[in-house]
There are 2 protein chains.
Amino acid sequence: MSAQLLPEALLRVIDELGRLPGVGARTAERYAYFLLRADTRTADSLATSIATLHSGVKTCPVTFALIDANQEVSPLYDGRERNKRLIAVVEEPLDIVALERTGQFKGTYHVLGGAISPIDGVGPEQLHIPELLKRIKIDSVEEVIIATNASVEGESTALFIQRQIQEAKLDTKLTRLARGIPVGVDLEYADQITLSHALEGRRVL
Amino acid sequence: MSAQLLPEALLRVIDELGRLPGVGARTAERYAYFLLRADTRTADSLATSIATLHSGVKTCPVTFALIDANQEVSPLYDGRERNKRLIAVVEEPLDIVALERTGQFKGTYHVLGGAISPIDGVGPEQLHIPELLKRIKIDSVEEVIIATNASVEGESTALFIQRQIQEAKLDTKLTRLARGIPVGVDLEYADQITLSHALEGRRVL
């Protein structure tokens, strides 16, 4: 698209928004045009919040969850109602939000910062695994729930952590989130692997 | 989601991005997290471009296309290679981009600023129709191509403009973009109305 067709300032916003994950040229155009038609305050307010994003967020030194820049440790770690002897290990900070939405989990979290993926050049040394082993010792953790994704990468990572815990001879129970048929899904639409897992993990009624 | 789960600064960005058209909570989370993981410059650069969007863009007083704040008139109007006696009437500024991409049109544009839509409270008085009539007179326009959308609103708007031009007794040819089967679409998948239009507008080979 030549610079003649749209104003330079608009093209710049389209270009920048096009870097967001999954946003193509048309979508970026639609977003930018929306910001242009909305009142100046909407655009200004978005601009300010994005500009202060990095300075307002830091990583918890214990759990590697995202915390406010003025917090010491994640409230999901040192909150009174949280059980430090139970750790859910997740790949990314947003996975915590998903688990917290269930309202079922009262333990603490440990964010790995990804999953082992040779294709993307992510090896175990880039993940916060040594820190996890340290936490298991220091907090006398009784159970570690591996809550990595149900992907090849998530599985390899789970396996790797299992071996590390065994090698370190840590005395902790190791569990994995159950696999099975998601709620609301018909049997006929479930894939083979999910169905195999559902059979394997069947429970007595 | 409680403020405890994610840092305030991140929640603010998620909230603001969630106002973009078609962006739900999960998508906004994904965008915000991408900006957080990207280096500070990516976020800063997006913030700056959004903050300067409104001040960098204005509306062409003749065509109502979007132009640079330092331009007088759209280059698609006063460009030497543009034929001022041929006007394509479109609903929105981005429609110009779509037509320019064809490389087929060397006339000028007129942006209505929407289409007549009683449901959305848009009446003809909110559209740049009087300015179009004026242009037809001043520039001795020979042909006006109505290029509004192929929707009920686009059709009503086309009809309204046609009547206005007749009432004003303007001597100009009035045309409408051809309707028919889009390139690459099988007959069996074309809807009835499109197919009727295709039959009606059939051409001698």
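I'm trying to understand the selection: among the residues of region B:41-63, which are part of a loop (DSSP other than H, G, I, E, B) and closer than 18 Å to A:Ala38 by Cβ? Within region B:41-63, B:Thr52 is the sole residue that qualifies. Scanning region A:1-37 for residues that are surrounded by fewer than 17 Cβ atoms within 10 Å (Cβ to Cβ) and among the hydrophobic types (A, V, I, L, M, F, W, C) turns up A:Met1, A:Ala3, A:Ala25, A:Phe34. Has region A:115-134 got at least one residue that is under 24 Å from B:Arg26 (Cβ atoms), touching a strand residue (DSSP E or B) at 6+ places or on another chain (Cβ under 9 Å) and part of a strand (DSSP E or B)? No, that holds for no residue. Checking the structure you have, find out if any residue of region B:154-166 is more than 20 Å from B:Gly113 (Cα to Cα), at pLDDT below 95 and surrounded by fewer than 16 Cβ atoms within 10 Å (Cβ to Cβ). Scanning region B:154-166, I find at least one residue that is more than 20 Å from B:Gly113 (Cα to Cα), at pLDDT below 95 and surrounded by fewer than 16 Cβ atoms within 10 Å (Cβ to Cβ), so the answer is yes.
Taking the criterion of being more than 7 Å from chain A (Cβ to nearest Cβ) and among the aromatic types (Phe, Trp, Tyr), the only residue of region B:12-68 that qualifies is B:Phe64. Residues in region B:29-57 that are more than 20 Å from A:Ala69 (Cβ to Cβ) and either over 25 Å from the mean Cα position of the chain (by Cα) or polar (S, T, N, Q) (or both): B:Arg30, B:Tyr31, B:Ser45, B:Thr48, B:Ser49, B:Thr52, B:Ser55. Taking the condition over 16 Å from A:Ala65 (Cβ atoms), at pLDDT 90 or above and loosely packed, with under 11 Cβ neighbours inside 10 Å, does A:Glu188 pass? Taking the combined requirement at face value, the residue does not satisfy it.
Right, B:Thr63: more than 30 Å from B:Ile146 (Cα to Cα) and of a type in the set (S, T, N, Q) or not? No: the conditions fail for B:Thr63.
Would you confirm whether or not region B:74-81 contains a residue that is within 18 Å of the chain's Cα centre (by Cα), closer than 17 Å to A:Ile14 by Cα and assigned to a helix (DSSP H, G or I)? No, because not a single residue in region B:74-81 is within 18 Å of the chain's Cα centre (by Cα), closer than 17 Å to A:Ile14 by Cα and assigned to a helix (DSSP H, G or I).
The values are calculated or read from the model by the stated rules, or taken from the named source; none is laboratory data. Values in this document were obtained by computation on a predicted structure and should not be read as measured data. Neighbour counts are summed over all protein chains in view; Cβ atoms, including those assigned to glycine, are modelled from backbone coordinates with ideal geometry.
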